[in-house]
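Enquirer: For reference, the structure I am asking about is given below.
Any read-out appearing in this document is the output of simple, stated calculations on the displayed coordinates, not a laboratory observation. Since this is a predicted model, take the numbers as computed values, not measurements. A quick note on method: Cβ atoms are made from the backbone with ideal geometry, for glycine too, and the neighbour counts reach across all protein chains shown.
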Amino acid sequence: MAGRTPRKAPEHFDLVILGSGSTAFAAALRAQELDKSAVMIEQRSVGGTCVNRGCLPSKNLIEAAKLVYDAHNPRYPGLTQEGPGLSVNFRELVAQKDEVVESYRQKKYDSLLGGRFTVRDGSARFVDAHAVEVEGRRLTGERFLVATGSRPHIPDIAGLESVPYLTSDLLTHGEVEELTELPDSLLILGGGYIALELGQMFARFGTAVTIMDRNRQLLAHGYETEIGRIMGQVFEDEGIDVLTNATMRSVHTDAQGIVADVQVGSTQRTLRAERLLIATGRRPNSDGIGLEAAGVSVNARHEVEVDAQLRTGVPHIFAAGDVIGRQHGSQMATPVGSRQGAIAAHNALAADEPRTFDGRVIPRAIFTDPPVGIVGMTEEKAVAAEHRCWCRPLPISLVPRAGAIRDTRGFVKMVADADTNEVLGVAMVGVNASEVIHEAAMAMRFHAKLADFVDLLHIYPSMAEALKIAAISRSKDPARLSCCAE
Ligand SMILES: Cc1cc2nc3c(=O)[nH]c(=O)nc-3n(C[C@H](O)[C@H](O)[C@H](O)COP(=O)(O)OP(=O)(O)OC[C@H]3O[C@@H](n4cnc5c(N)ncnc54)[C@H](O)[C@@H]3O)c2cc1C
């Protein structure tokens with residue numbers, strides 16, 4: 001008909017992926033290996049949260065903050081700081097962070113695109129179970145993967161809607177949320193890993209930081225209780241104000257910045273800061289993507305519901321990564337999403353046996369100083385799973401290397417089944433804990449027992465000896481060992 005633009009035919013793919021984070025990339029690469037076509041759809045930056053505004057930029061700046069802290073706080077007698085020490089140019093630090101992010105994104109994400117593996121810019125939304133719409137274009141697929149990740153959870157607090165606040169998106173690059181000026185003072189709401197990592201980082205760059213959390217201690221959920229206690233002490237020793245059992249009732253701004261009415265225990269307090277950072281957890285991006293139109297359901301925690309093969313209730317639609325939250329032992333972490341993306345693509349596109357995600361052994365780290373490393377069950381979980389628990393926390397000062405390098409902050413705890421002696425979980429706070437935890441993880445993959453940690457010759461003096469000493473303490477007093485004797 002004259003004057004009417006013909007509607008473009010939909011493009012068709014073997015796998016249509018909503019999102020382009022680490023979960024999506026792993027799925028698209030697996031599709032490529034299977035010689036299938038895949039398209040990812042991205043509304044922000046290619047690569048998703050981890051590379052652009054999560055893992056990579058945070059770890060880059062956290063290390064810079066450690067250099068500043070160590071320069072000002074030499075822990076050896078004989079080393080004294082003279083003169084002003086290191087000075088911090090936050091803008092330049094942010095600029096170098098952006099360069100690192102750009103170069104990593106180019107190497108690990110952008111350069112992989114091409115051929116039958118493409119990305120489309122725009123926001124994707126299911127129009128029915130077989131098609132999504134992106135900026136007015138229709139893309140159809142044989143199979144779909146929802147890998148839309150998560151975003152900061154914003155709590156319901158009186159006045160918050162009219163207050164400018166930061167979220168972890170402050171680490172982003174090329175978006176308005178990026179923070180380029182170092183605040184003089186910062187109030188952080190939340191006591192999870194993001195609050196801790198960013199709180200210590202800002203404090204070390206020179207910001208006066210207050211961390212407030214409604215729980216009785218930091219890291220209240222999913223961690224051994226000792227970890228939150230130790231980190232609270234470490235933070236206070238560094239001059240960070242830690243308020244637990246603290247609830248923000250309302251917030252507003254005045255000429256100086258943020259004013260928050262806070263209830264701490266039974267007392268009311270007014271907290272002031274130049275900036276406010278909301279770090280109260282993350283929620284899956286399962287809304288606004290037309291899941292209802294596709295017939296895909298979401299649970300009360302906003303997680304896209306999947307079975308152990310990562311299939312939603314609609315057999316050709318899969319979901320993986322942050323958007324499935326904590327189902328089937330999953331956790332919101334990059335390597336978890338990558339593993340799941342590959343499994344989902346395999347189950348969607350390969351003819352052989354379906355695969356399932358195994359969340360029994362997931363090593364995790366919190367990149368504070370000292371760092372935290374965890375894997376497997378906490379004592380509470382082991383008891384809930386009806387194990388008779390042999391669970392013993394030991395101070396990291398028992399590890400020769402910790403004493404040798406004059407950093408004895410932390411602890412190590414093994415959670416073992418008291419009947420079989422199988423190690424079910426490990427938690428460690430201490431120098432290099434984020435690396436040491438891999439030994440425990442590998443051992444647990446093969447159902448190692450306490451004796452296996454003792455039998456393995458460990459490098460002396462190393463922080464990994466923490467694991468051996470913890471295991472030895474099942475039968476001997478670890479305070480009465482000589483050097484590396486067993
Ligand atoms: C500050 C911070 C630090 C972190 N540090 C670590 C760490 O050290 N180690 C670690 O393992 N994990 C870390 N994480 C967690 C990690 O970043 C996430 O678990 C991981 O990025 C999740 O990957 P994903 O692919 O599932 O989701 P994402 O990476 O979030 O990707 C989802 C993508 O989908 C896009 N999207 C959403 N909706 C739509 C739509 N409708 N249309 C088109 N696109 C859409 C989003 O823009 C996003 O880019 C950190 C997170 C944060 C915030």
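Enquirer: Considering only DSSP states other than H, G, I, E and B, which chymotrypsin sites (Phe, Trp or Tyr not before Pro) in the range 379-481 qualify as loop sites with at most 12 other Cβ atoms within 10 Å?
Expert: Phe446
Enquirer: Under the rule of -39500 (n - 2.57) per DSSP H run of 4 or more residues, summed and divided by the residues of the chain, what mean residue ellipticity at 222 nm is obtained, to the nearest 500 deg cm²/dmol?
Expert: Roughly -8500 deg cm²/dmol at 222 nm, from the helical runs in the chain.
Enquirer: Of Leu189, Ala333, Ile211, whose Cα points farthest to the positive end of the dipole of the chain (charges on the beta-carbon: +1 Lys, Arg; -1 Asp, Glu; origin at the Cα centre)?
Expert: The residue sitting most towards the positive pole is Ala333.
Enquirer: Taking a 28 Å limit on the Cα-Cα distance, which of the listed pairs Lys36/Lys107; Lys59/Lys413; Lys36/Lys108; Lys66/Lys449; Lys66/Lys413 fall beyond it?
Expert: Lys66/Lys449
Enquirer: What trypsin sites (Lys or Arg not before Pro) does the range 381-486 have in DSSP loop regions with at most 12 other beta carbons within 10 Å?
Expert: Sites meeting the loop and neighbour criteria: Arg388, Arg406.
Enquirer: Near Lys97, which aspartates and glutamates are there with a Cα under 17 Å away, not counting those fewer than 8 places off in the same chain?
Expert: Glu63, Asp169, Glu175, Glu177, Glu178, Glu181, Glu197
Enquirer: Under unit Cβ charges (Lys, Arg +1; Asp, Glu -1), what dipole magnitude, rounded to 20 debye, does the range 43-105 have relative to its Cα centre?
Expert: Here the range 43-105 has a charge dipole of around 300 debye.
Enquirer: What are the membrane-span-like helices in the chain by this rule: whole DSSP H runs, Cα extent along the axis at least 15 Å, mean Kyte-Doolittle hydropathy at least 0.5?
Expert: 193-205
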